[in-house]
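The next block holds one structure in the form of structure tokens; read it before the comments.
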Amino acid sequence: MLNELSVHEQFASQSMLRDAFARIMTIRNIARRFGREVYCHRSAWYRAVSPGTLLVQMLSREQLSAAKLWLTRQGPFWDDAQHHDPNDLFECQGDIVTEAGLAEAAYCTNIGLDRRMVSFTPSLWEYTPLTVTWWRGDALFTNVELKNYWDAPRLESDLRLADPAIDSWRKLETLSRGRFHNLNFTPGSFDPLDGQPFAPGAAGRILSRLEVLDRLWAAGRGTSLGQQLYEDYFMGDRAWFSDSSDTEKRDFKQALTFPSPDDEGGSLFCTWHGKVNNPPYRIHFSWPIPAGGQIYIVYVGLKITRR
């Protein structure tokens, strides 16, 4: 994720800003070579590079064209599907960074998604790791350390050693089955993704929801962590998980009924689901968890709209 806070009115000349932006674009191109992407927030476009001057006003014509495609048109933008709660407080370097890339990366990293930062140079952010302090109300929730890159060679070196990027639904399935040992993926649970165009953003959000379910099973509903996870992700207007409506349970009963892996001829009526939007993907799973039971992931695919 682009650390937009690393643009903080430090560029004394147009040439300094253009050189710095060129380094960021080089980093982005290297990330793309390895199947990654540098996500940004739309606010990056409006950062002041010097007192009274915005980033857009100091770029060359060529850079301006690239910036418009990335920062204002094509993205990718992480704020389209923000994970972290804006009511929580995130701090770094003594400043509040809630709703900045640092907060989003800290949140995602805390639930098991690898998120790293890219910072402009020169800036006050030329060090790694970056420590983000996460507060809930008046209580310290956790500290999260984020890797930070401001030069291309170090990023390229790390990417050469990293696991390959997910670039297909089958790779998503393989990674999910291998990583989330507390979840029971039924045979064919990922088959509904067959034939759908691969969407990297949706794949990442599917992983984040599976990560929460995996952690919830490991913690147990009766524990303080389990209850916190339940309150964070199953309750409220921004909940990731919800039950189907009574109408959906009636009209889509057959589509929401899946073979039981432990009972030959038996079935599971899985109305609870994790939600991913734009496009609308769903993760149907068995819920609630019976004593000593498991979470079965029975369906990963587009939102069920047919009986």
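The values are calculated or read from the model by the stated rules, or taken from the named source; none is laboratory data. The structure displayed is predicted, hence computed values, not measured ones. Cβ atoms come from the backbone with ideal geometry, glycine included; neighbour counts cover every protein chain shown. In case anyone asks, the SASA skips ligands and DNA or RNA and just uses the protein heavy atoms, side chains included. Shrake-Rupley method; radii C 1.70, N 1.55, O 1.52, S 1.80 Å.
Descriptive notes on the structure:
- Residues within region 13-24 that are closer than 15 Å to V56 by Cα, open to solvent by 30 Å² or more (accessible area, probe 1.4 Å) and touching a residue at least 12 places away in the same chain (Cβ under 8 Å), tallied: 4
- Meets criteria (assigned to a loop (DSSP other than H, G, I, E, B) and at pLDDT 95 or above) for E126: yes
- Residues being within 14 Å of F120 (Cα to Cα) and in contact with a Ser or Thr (Cβ under 8 Å, 6 or more places away or on another chain) - total across region 18-47: 4
- Checked against the criterion of being at pLDDT 90 or above and touching a Lys or Arg at 6+ places or on another chain (Cβ under 9 Å), the candidates I295, I304 yield just one match: I304.
- Evaluation of D191 against (1) surrounded by 15 or more Cβ atoms within 10 Å (Cβ to Cβ); (2) of a type outside the set (A, V, I, L, M, F, W, C); (3) modelled with pLDDT of 95 or more (one fails), failing number: (1)
- Taken over region 222-233, the criterion of being surrounded by 14 or more Cβ atoms within 10 Å (Cβ to Cβ) and either not aliphatic (A, V, I, L, M) or not in a helix (DSSP H, G or I) (or both) is satisfied by G226, Q227, Q228, Y230, D232, Y233.
- Top-ranked residue of region 200-221 - restricted to ones that are open to solvent by 50 Å² or more (accessible area, probe 1.4 Å) and within 19 Å of the chain's Cα centre (by Cα), ranked as farthest from F185 (Cα to Cα): P200
- Residue match in region 134-153 (condition: touching a Pro at 6+ places or on another chain (Cβ under 6 Å), touching a residue at least 12 places away in the same chain (Cβ under 8 Å) and acidic (D, E)): yes
- Which numbered condition D167 fails, given (1) closer than 15 Å to I297 by Cβ; (2) open to solvent by 40 Å² or more (accessible area, probe 1.4 Å); (3) part of a loop (DSSP other than H, G, I, E, B): (1)
- The set of residues in region 40-77 being in a helix (DSSP H, G or I) and β-branched (V, I, T) consists of V56, T72.
- Pairs, first in a loop (DSSP other than H, G, I, E, B) in region 196-208, second modelled with pLDDT of 90 or more and of a type in the set (S, T, Y), C-beta under 9 Å, six or more apart: Q196/Y281; F198/S168; A199/Y281
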